[in-house]
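Participant: For reference, the structure I am asking about is given below.
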Amino acid sequence: MAHPVVEQETVYRGIPASPGIAIAPVHVVARGFSAPDVYEIGEAEVPGEQERFLRAVQRTKRQLVELQQRLDNLSGGGEGGIFEAHAMMLEDKSVIERVTKAIASRLQNAEFAYYAVMQTFLEAMRRVPDPFLRERTADIEDVAQRVLHNFQPDSDASHPAPDGRHILIAYDVPPSEVATMARRHVAGFASEQGSVNSHAAILARAFGTPAVVGIEGAVIGVRALTPAILDGYSGTLILHPTPATLERYRRLDEQKASVRSRIESERGKATDTLDGRALTVSANIELVEELAIVRHSGAKGVGLYRTEFLLLNGGEMPGEDQQAAAYSKVAAELAPHTVTIRTLDAGGDKLPVEPLTEPEPNPFLGWRGVRVSLARPAMFREQVRAVLRASAHGKIALMFPMISGLSEVLLCKDVVSRCMEELDREGVRFDESLPVGVMIEVPATALCADLIAPEVDFFSIGTNDLIQYTVAADRVNPHVADLYRPTHPAVVRLMKRTVDAAAANGIPTAVCGEMAGDVRFTPLLIGLGVEELSVGPQQVSEVGQAVRSLSYAECAAMSDEALKLGRSAAVLELCLSLAGKRYPDLLE
Ligand code: PEP
Ligand code: MG
């Protein structure tokens, strides 16, 4: 008989990545396979549990042989050999021995003993320098997953997650998973990896899914189906919450919902400062599926459309016609507002556009953004043509990511001119005065903003990358999250330099990094002279309200003060003191 372990409330702390509260049981996904429930067994139950383990192995073996035969029959080419290799891994003597011993010595149920042995084994495999052996971990995970499902003879191996609402706990959550979470009943997620500015976190905020990242030890420490609360405001995961904690969170959830509905009641209002400076508050989108949320948010257009998310459902960019259809749909639905389409920014923590033969040692300093587009002229041309074609159906602006200097700007402009000439010859309509701009997200580009401004129609500061490159702290590494400071004096100075160079050349500057959606920084950005804030769709109303509560004159005076300060904390304090005076309720 199983003896459930009595559990106490336990709190894990991480980094708040997407606000909101989720109350649900957890589903744990350890790199590739789910942790089973654990319970103590009595000495007398040991032989029975060992028998259960061996039966699960035998059941798995039968499935693998069947799969091998089916695949061989289909292909006739011996492709089923992969499952033969899996079957050999399955019956590895040392694994069988370790698991049967672990059941007897730890007095734990068979599936947990197997899971723990396989985890240790996989950790060791991941550390071996030989890339071929390292790659075999995926096969071992596959086999382990199958065995774990076969402990329950009636289980459906293709649906390991619980059917009802649950909190997902994973080592890492890829951005591609986040978009489908609501459909899969994921009420929120916690991951060991990731940071506030990882693309998974950005998407979580866009879809309103609570998220906490950088929670160390959660995957190995948390058991499946444990009741939990995920607090995306403070960045905590609470297991086995007491009735008092549950009550406190239910009240907090209600309180937040009422603040939200008050802010939302002002949706769509003009976003001028108290002294009449007009700001545009637009939205960032990653997927066409977000259009409804954007329209509902009252955003004045899209300041950043991250087109690399078109890569999500396959390895390649869709063809020109398909892209033109997607861009036209967004432009037509949001007209007369502008949709700023950014060309592909693959690489970094986003999907690569093609499999790399060697993993890059520093992906954020590697082959990403416009570097990939310029190296793949046919693909680049297709995307630019698709954007131009869509410009006949609404108001579109085009911008390039990861620009690191003037030469790249000139190369990109050349591609645009050539695509315009082609379309002209083909008699295809497009907006001949389509604004073309660049993202300022590399310090070199901010420093040379005066050289670039005469060549473009607008700047858009990508603070997510600008910060990481300026302070040399990876935006997705939780260990350096503390160094990643939006108010670092170097970042503030680079932004000021950018806005000044733009103004001197009569072009506007937007900010589309996550900093734009954080109302603590609104006074600073307005004061520096930024004219558009492009933010996550869920932050549009809140940022709009912050703008309406401030005067440009007081923000400008504050940012002049900020530019004299030497410490990030002092700049932040200055921002908070003005924001706290004008909209204390938005900062709670
Ligand atoms: C940025 O870097 O701030 C930005 C908006 O681009 P992304 O987050 O897609 O890299
Ligand atoms: Mg960027």
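The values are calculated or read from the model by the stated rules, or taken from the named source; none is laboratory data. None of the values given here were measured: they were computed from a predicted structure. Every residue, glycine as well, gets a Cβ built from its backbone with ideal geometry; the counts of neighbours run over all protein chains shown. We work out accessible area using only protein heavy atoms, side chains counted, and drop any ligands, DNA or RNA first. Shrake-Rupley method; radii C 1.70, N 1.55, O 1.52, S 1.80 Å.
Participant: Tell me, please, whether a residue that is at pLDDT 65 or above, of a type in the set (K, R) and farther than 22 Å from V222 by Cβ can be found in the stretch 100-109.
Facilitator: Step one: list which residues in the stretch 100-109 are at pLDDT 65 or above, which gives 100-109.
Filter once more, keeping what is of a type in the set (K, R): 101, 106.
Now drop any that are not farther than 22 Å from V222 by Cβ, which leaves 101.
So far as the stretch 100-109 goes, yes, one or more of its residues are at pLDDT 65 or above, of a type in the set (K, R) and farther than 22 Å from V222 by Cβ.
Participant: Among the listed residues L225, L246, L274, identify the single one that is surrounded by fewer than 20 Cβ atoms within 10 Å (Cβ to Cβ) and in contact with a Lys or Arg (Cβ under 8 Å, 6 or more places away or on another chain).
Facilitator: L274
Participant: Across the stretch 541-588, what is the number of residues that are assigned to a loop (DSSP other than H, G, I, E, B), surrounded by fewer than 22 Cβ atoms within 10 Å (Cβ to Cβ) and in contact (Cβ under 8 Å) with a residue 60 or more places away in the chain? Let's see the steps before the verdict.
Facilitator: To start, the set of residues in the stretch 541-588 that are assigned to a loop (DSSP other than H, G, I, E, B) comprises 550-551, 563-567, 583, 588.
Filter again for surrounded by fewer than 22 Cβ atoms within 10 Å (Cβ to Cβ), leaving 551, 563-567, 583, 588.
Right, trim to in contact (Cβ under 8 Å) with a residue 60 or more places away in the chain and you get 551, 563, 565-567, 583, 588.
Residues flagged as assigned to a loop (DSSP other than H, G, I, E, B), surrounded by fewer than 22 Cβ atoms within 10 Å (Cβ to Cβ) and in contact (Cβ under 8 Å) with a residue 60 or more places away in the chain within the stretch 541-588 amount to 7.
Participant: Pairs under 6 Å by beta carbon, first residue in the same structural domain as R55 (by TED's automatic domain parsing) in the stretch 93-113, partner in a helix (DSSP H, G or I) and of a type in the set (S, T, N, Q), six or more apart or different chains?
Facilitator: Between residues of the stretch 93-113 that are in the same structural domain as R55 (by TED's automatic domain parsing) and residues that are in a helix (DSSP H, G or I) and of a type in the set (S, T, N, Q), the close pairs are T100/Q50; I103/Q50.
Participant: Select from the stretch 516-530 the residues that are more than 16 Å from ligand 2 (Cβ to nearest atom) and part of a helix (DSSP H, G or I) and list them in ascending order.
Facilitator: Within the stretch 516-530, T522, P523, L524, L525, I526, G527, L528 qualify.
Participant: Return only the number of the condition from (1) within 16 Å of ligand 1 (Cβ to nearest atom); (2) outside any loop (DSSP other than H, G, I, E, B); (3) under 20 Å from D500 (Cβ atoms) that V409 does not satisfy.
Facilitator: For V409, the failing item is (1).
Participant: Continuing with the same structure: Identify, by number, the condition in (1) in contact (Cβ under 8 Å) with a residue 60 or more places away in the chain; (2) open to solvent by less than 30 Å² (accessible area, probe 1.4 Å); (3) farther than 24 Å from D424 by Cβ; (4) within 16 Å of ligand 2 (Cβ to nearest atom) that G298 doesn't meet.
Facilitator: (4)
Participant: If K350 meets every condition in (1) within 14 Å of ligand 1 (Cβ to nearest atom); (2) exposed (fewer than 13 other Cβ atoms within 10 Å of the Cβ) apart from one, which number is that one?
Facilitator: For K350, the exception is condition (2).
Participant: Okay, next question. Would you mind finding the one in A331, A346, A292, A299 that is over 28 Å from S195 (Cα atoms), of a type in the set (A, V, I, L, M, F, W, C) and not assigned by TED's automatic domain parsing to the domain that holds A200?
Facilitator: One residue alone meets the criteria, A331.
Participant: Would you confirm whether or not the stretch 12-31 contains a residue that is at pLDDT below 90 and open to solvent by 20 Å² or more (accessible area, probe 1.4 Å)? Give the steps one after another, and end with the answer.
Facilitator: From the stretch 12-31, those at pLDDT below 90 are 27-31; that's our starting set.
Keeping just the survivors that are open to solvent by 20 Å² or more (accessible area, probe 1.4 Å) gives 29, 31.
Yes, there is a match, as at least one residue in the stretch 12-31 is at pLDDT below 90 and open to solvent by 20 Å² or more (accessible area, probe 1.4 Å).
Participant: Does A481 fit the bill of being open to solvent by less than 10 Å² (accessible area, probe 1.4 Å) and farther than 15 Å from I526 by Cα?
Facilitator: Considered against the rule, which asks whether it is open to solvent by less than 10 Å² (accessible area, probe 1.4 Å) and farther than 15 Å from I526 by Cα, A481 comes out as no.
Participant: Answer yes if at least one residue in the stretch 331-345 is farther than 14 Å from Y305 by Cβ, within 16 Å of ligand 2 (Cβ to nearest atom), open to solvent by less than 50 Å² (accessible area, probe 1.4 Å) and part of a loop (DSSP other than H, G, I, E, B), and no otherwise.
Facilitator: The answer is no; no qualifying residue exists.
Participant: When only residues in the stretch 310-343 that are at pLDDT 95 or above and within 21 Å of the chain's Cα centre (by Cα) count, which is nearest to V384 (Cα to Cα)?
Facilitator: T343
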